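First the structure, in the form of structure tokens, and then the observations on it.
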Amino acid sequence: MTEISQIPFTLVTGDMPASVALLSSPAFTDTPTAPTAAPGTNTTQLATTEFVAASFASSTFTQLGTGAVALPLTTLLETFTNFAEWAPDRTGATDCSALLQDACNSANAHTGVLYIPVGTYTVGSLITITGAGSSRLLIICEGPATFLYNGTNGCFAFVGTTNYLQYPGIVGGYFQPTSSGSGWAISFTDCYHPYLIRPIFSANGLGFLTNGIKFLRCWPGEVFEPYLDTGLIGIQWTDTCNQIRITGGEIDRFTTAGITGVLASSGSGNSNQIIGVYLEQNSNSINLMNPGEDSFTIRDCYINQDNLLTGSSYAIHTTGNHGNIDGNKILNSNVLTGIHNDGIANNIVNNVGIDLTGADYFIRNHTTAYGAYVDGNKLTGSTIGTYGNASNAPASNLSSGNNLTVSGSGSGTTISRW
């Protein structure tokens, strides 16, 4: 028998059947297969889809920071949902509320992170993100991603349902109301560890008055370096909120309060903190107004009440208990009182009043105050700004070297080493 390979012949391309592929630039059809190379192979061998999938799955990236670990590359790529995929109008000319709601729902259900590219987005309806237990969503705003929202409706609301919504947050974002109203730019309800990083809230000189950030029944929570300018209330926690921390940033020109804790009559607040915030021209810059507020901290804040937008108010006002009001500076206080204490066993120490010529009192323990410790506070640049104990018993100005205990309806209050 003669083998075909032994027969000398030449095939002309035009004589080839359509089902036969040439060795040079073959054009395969249907579903051709080939041997799968091992991951890491770097030769001219054919790469099958199986090889690509295996190589991709075995690729890793390493996070930055102490204790960083190598994670599959798929983890990085599957983490982000890009709002650009919804083709929203980025000029602000048309309302993209429905698209943004769909994108949030998709990210919340799948990747956990929604990326919003630079642009101006009109948000006429409130965007509501709900969930329970492990459900969570982080919204990352690139650069000046701007949200033009209705002042009555608000912009974003994170709401826990049968259980706390865990770790919801927004990084960045510029929130600008297009009308006045009682809505909140961002609100968290029944959330565990909600957080905001460098949000910007501004009426942009348009005069619209609305609200900034609200926490309702949340713990703990974090707002890091916010900038909030002009409105009704800058930041509020209400009902039962624990371990809410406001760190750094600036809050200016709010007609009701810059930062306020308004707890329900049956609510409580524990270990809430306001640290290193600059507040200017607010009516009641810091206002913690429920006896259920306990073990709070107001520290290292700079409060400038000059040219106050509204009438008499307080730089710091609290009815909370066992708190620390420490190291704050109150400047040009065009207010009724610099620090107004109605709580129990609060430490009021190392605060500085500067040029408080418009204030009736620098530090005042009112009728319900009891057991306050007042120490190391200084008043400079002014001959006005007294210490007052109870509503009808103001004391005279105190200067360096005074050591006394004040009795009366606010008994138990001690002033030392002023």
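Every number here is computed from the coordinates shown, using simple stated rules; none is lab data. Quick caveat, the model's predicted, so the values are computed rather than measured. Cβ atoms come from the backbone with ideal geometry, glycine included; neighbour counts cover every protein chain shown.
Take the Kirkwood radius over Cα pairs of the stretch 81-218, plug it into Stokes-Einstein at 20 °C and 1.002 mPa s, and you get 147 µm²/s for translational diffusion.
What order do you get for 123-132, 85-94, 168-177 when each peptide is scored by the mean count of other beta carbon atoms within 10 Å, highest first? Mind dumping the intermediate values first?
Numbers: 123-132: 18.0, 85-94: 13.5, 168-177: 22.8.
By packing density, highest mean first, the sequence is 168-177, 123-132, 85-94.
Between S125 and F80, the simple spin-label model (points 7 angstrom out along Cα→Cβ) gives 2.9 nm. Karplus-based coupling profile of the stretch 32-43, in residue order and whole Hz: x, 10, 7, x, 8, 6, 6, x, x, 4, 9, 9, with θ = phi - 60° in 6.51 cos²θ - 1.76 cosθ + 1.60 and x standing for Gly or Pro. Expressed in units of 2.2 N^0.38 Å, where N is the residue count, the Cα radius of gyration of the stretch 77-137 is 1.12.
Annotation for N163 and T94: the two label points, set 7 Å from Cα along the Cα-Cβ direction, are 4.0 nm apart. Here the gap between A27 and A54, fully extended at 0.36 nm per residue and compared with their Cα-Cα distance, gives a gain of 7.2 nm.
With contacts defined as alpha carbon pairs under 8 Å and 6 or more residues apart, what's the relative contact order of the stretch 78-130 in percent?
On the way: 77 pairs, mean separation 26.6, N = 53.
Here the relative contact order equals 50 percent.
Going from the fewest other Cβ atoms within 10 Å to the most, the residues H340, H193, H110 appear in the order H110, H193, H340.
Here each label is just a point 7 Å from Cα along the line to Cβ, and for T367 and N105 those points are 5.4 nm apart.
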